[in-house]
Amino acid sequence: MRVRTFLFITALMLCHLKLWPQTLTRQFPAIVSGDTAKGGAETDLAKDRVAAQDPQAASGSTSLPDAPGYPVAEVVATAPPGVPVKLISHQQEKHGNVYLLTGDVRIEYKDYILTADKVSYNRDTSDVEADGHVQLQGGRNNELIIADHGKLNLDLETGRFENVTGSVGRQPAVNKPFTPNRKLIYTTSNPFLFTGRVVIKEGPERYLILHGTMTSCLLPDPDWQIHSAQIRVNYGEARSNNSYFTLLGVPILYLPYVTHPVDTMSRTSGLLIPMASNSSTKGIVVGESIYWVIDRSADATFGTQYFSKRGWSPSGELRYRGRGEDFATAHFVALFDRGLAPTYINQGGQDIFFNGRHDFDPDEHTRAVGDGEYLSSYVYREAFAESFALAVASQVTSSAFITHNDGGRSTSLRFDRYQNFEGITQVGNTYDTPQIRILHVPSLDFDSIGQPLEETPLRWRVDGSAAGLNRSEPGYNTGTIGRFDLYPHLELPLHLDGWTFRPEVAARETFYTESQIPTATTPLPVNATVNRSDLEASFELRPPALMRDFKVPSLQKILGSDLRHTIEPDLQYRYVAGVNNFSSIPRFDGNDVVSDTNEVEYSVTQRLFLKHLHPKPCTGGDLPPPVSGEIYVPATYTECGGDTNEWITWKLAAKYFFDPYFGGAASPFRRNVLASTLDLTGVAFLNGPRNYSPVISRLKVRTSDHMDLEWDADYDFKTKRLDASNVFANYRRDDFFGSVAYSTLQALNPTFSATLGSQVTKYNLLRLLFGYGDPAKPGFSADVNAGYDFVQNALQYGGIQATYNWNCCGLSIEYRRLALGSVRNENECCSVRFSLAGVGAAGSQYFKRSERIF
């Protein structure tokens, strides 16, 4: 809920609450008539309007609360044409045009359903008077009114109800009236619920609530409420004057003016309730923001925080949602840092991000896409990022392109910017952060898939590009150079009895307007053109998969399944010749590391499939089959299994290089990255001439519906070294979850000596996460996470978070630690957050979506 009050100072002193902007949507309320009722309910409606303006002026209304005056809406001279009405009851009597219905009465009209114990219905005027367990449900926003007594007009959608409990945003039941034993389900996480001594329905989506309350909590015992003598609900928004806010039944805050969104799709501009917290590195933190609804497709949030130890930190976000897949979002955050005592080293900076998409035609053949980020200082990110993953992200990439796809051909114009910060070094009272920047400004690319060559089994395609490129790093700057690439292919796919044989030939011509001269360390760019030409030949041989089914009774007893084993071999040969100037080619992307090669890649993939013989009841983590027409799916329909699942997948692959020198591209005592090595693994292994690649292993195991296990490993038989190993395990059952990640890497250094110890830099990291529950679920939830560096023998990060949620309020406490070298060594204890459903949260700003452990 977004609270706006004229006495903002009072609200700030009494309660530090923060309101979250509502979901951006393109759906908005339709414009409907403002006419009021005429007919049997008209007399009571008029009395209540008079009572709202002057309680002493209406007989029998002296008990109604005093309230500010509201103008009486114009009365319609004649009712609109009637609509079909369906009447259902145990007993029916007709007296002229009046029907008397008793016993489980149900009236269906338009998209509303009225139920009651006893109903009088006038067919001519469409007036209805209902008594006993009155319930009106339906409408565009799933409205629900439960009352003791009510009068209404079906055609005008007007009425008067007494002793009312109601809501907007409730999931409608299919052919099921409300009963006290059936729990309401809401289509939105922020429903509007209200009570009132008298509720006057003035028309579609228009109500006047007298002596009532409103909340987003489940009734009848909400954690918080807003009490008012008069609440006006009008086309998606509830407004009230002279109200007061209660928490757990205790009055907390006086609100001279308050609004609450009723339409679950509506948004309202206004001030967000301020926030406050404390940090060991930032000091006392206070902040405020404003939310602005620009139009039905866009909104924005602007604000600032003040760090008592550092300075001002402004931020902002802009969101746009257009037709189809069109969207745009932009946000920025900055810090004008005066430094932390006693050194006062400036760690401030700016981080600006944008992404968006626009389709130029409904078929999405032509579209523009942008995804960009500007980071002024890596020190700023490492010192103030709210999560460990973001704090250690040293690469910043930006890309924007316009592409047209049609008939298997693609033409794109793109702009790319790559930025990699290579480390942080403190020099006096400043920081040195060397970085590599690579730009495509721009690149015009032509790509295609194989097209049939007329009256032949051959297929052809042509790829090409023309790009302006720039690379800068310490000691190396190419300036902007041109690269023109043409790459035609011709292939002959053949299939016979499950065998696949695909031979292919290609030629490639690449021209650069500048080149480089290799040195022992960093190459030197020179103003001289260079042309690279090569001829390529390759084929892929894929035999049919070998398969065997095992129906062994002992396995069926253990696994409850039949077992299928498949073996899928694959052989690929590739030959490239003509690249005799590899060291003269500047490096910008994968197109520039093509070299001569004569190689064969061989792999085998084994899979084990389980076919469950007996369906079982679904448990946490399982997905039951969809069942429509009911809110609650009976247990007899919640059975899972009976299908075939991939249990274990294990792939082994390696390459043999007939040319160990790669046409002279493989230099000794240096890390060599070539297209041939990147095709196999992302871990660099080529430290000089060699015939054999490491063996890569990719193992995936789905041990059950609740657990996944994956192990990726690269083992080098030449150096007898495990270059990389990554183990991931995830488990979730009901509310319990956990994950373990253990990674080791021996990364080749750019240059090294003949000694084995200087070849690699070692990394050895452990990540743990264990917990119970979810921060949005009722009751208790808790978890803990940690990351440990075995090379540094240090805890990089750790955190503990505990949450307890009542009906619609919750309390969270968190401790966390971040140890990122000299730039950041931070402990946060203990961050506290108190949240109210529909209102927001008060407490530490560290409980952001990016930082939640769950």
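The values are calculated or read from the model by the stated rules, or taken from the named source; none is laboratory data. Values in this document were obtained by computation on a predicted structure and should not be read as measured data. So basically every Cβ, Gly included, is an ideal-geometry build from the backbone, and we count neighbours across all protein chains shown. Keep in mind that these areas ignore ligands, DNA and RNA; they rest on the heavy atoms of the full protein, side chains included. Shrake-Rupley method; radii C 1.70, N 1.55, O 1.52, S 1.80 Å.
Structure notes:
- Pairs meeting the criteria (first residue in the range 775-788 and more than 15 Å from residue 835 (Cβ to Cβ) and of a type in the set (D, E, K, R), second residue at pLDDT below 85 and open to solvent by less than 40 Å² (accessible area, probe 1.4 Å), beta carbons under 7 Å, at least 6 apart or on different chains) are 783/853.
- Once the range 788-805 is narrowed to residues that are hydrophobic (A, V, I, L, M, F, W, C) and crowded, with 16+ Cβ neighbours inside 10 Å, the residue that is nearest to residue 762 (Cα to Cα) is 800.
- Of the residues 503, 523, the single one that is under 30 Å from residue 413 (Cβ atoms) and of a type outside the set (S, T, N, Q) is 523.
- Residues of the range 462-480 classified as over 18 Å from residue 590 (Cβ atoms) and surrounded by 16 or more Cβ atoms within 10 Å (Cβ to Cβ), total: 1
- Any hit, the range 295-307, residues being assigned to a loop (DSSP other than H, G, I, E, B) and touching a residue at least 24 places away in the same chain (Cβ under 8 Å): yes
- Some residue of the range 105-121 being open to solvent by less than 50 Å² (accessible area, probe 1.4 Å), of a type in the set (Lys, Arg) and over 19 Å from residue 205 (Cβ atoms): yes
- You will find that of 270, 196, the residue that is in contact (Cβ under 8 Å) with a residue 24 or more places away in the chain, crowded, with 21+ Cβ neighbours inside 10 Å, touching a strand residue (DSSP E or B) at 6+ places or on another chain (Cβ under 8 Å) and more than 30 Å from residue 824 (Cα to Cα) is 196 and no other.
- When residues in the range 378-436 are screened for being closer than 27 Å to residue 471 by Cβ, over 28 Å from the mean Cα position of the chain (by Cα) and charged (D, E, K, R), 2 of them pass.
- Scanning the range 635-663 for residues that are loosely packed, with under 13 Cβ neighbours inside 10 Å, in contact with a strand residue (DSSP E or B) (Cβ under 9 Å, 6 or more places away or on another chain), modelled with pLDDT under 75 and not in a loop (DSSP other than H, G, I, E, B) yields one hit, 635.
- Close pairs from the range 350-372: first within 16 Å of residue 414 (Cα to Cα) and in contact (Cβ under 8 Å) with a residue 12 or more places away in the chain, partner among the hydrophobic types (A, V, I, L, M, F, W, C) and open to solvent by 70 Å² or more (accessible area, probe 1.4 Å), Cβ under 6 Å, at least 6 apart: 366/360; 368/402; 372/354
- Taking the listed residues 398, 387, the one that is open to solvent by less than 40 Å² (accessible area, probe 1.4 Å), closer than 23 Å to residue 414 by Cβ and among the hydroxyl-bearing types (Ser, Thr, Tyr) is 398, with no other qualifying.
- Members of the range 714-736 found to be in contact (Cβ under 8 Å) with a residue 40 or more places away in the chain and part of a strand (DSSP E or B), listed by number: 723, 724, 732, 733
- In the condition set (1) touching a Pro at 6+ places or on another chain (Cβ under 8 Å); (2) open to solvent by less than 20 Å² (accessible area, probe 1.4 Å), residue 693 is compliant with all but (1).
- Matching residues, the range 701-720, being buried (at least 16 other Cβ atoms within 10 Å of the Cβ) and farther than 22 Å from residue 770 by Cβ: 712, 713, 714, 715, 716, 719
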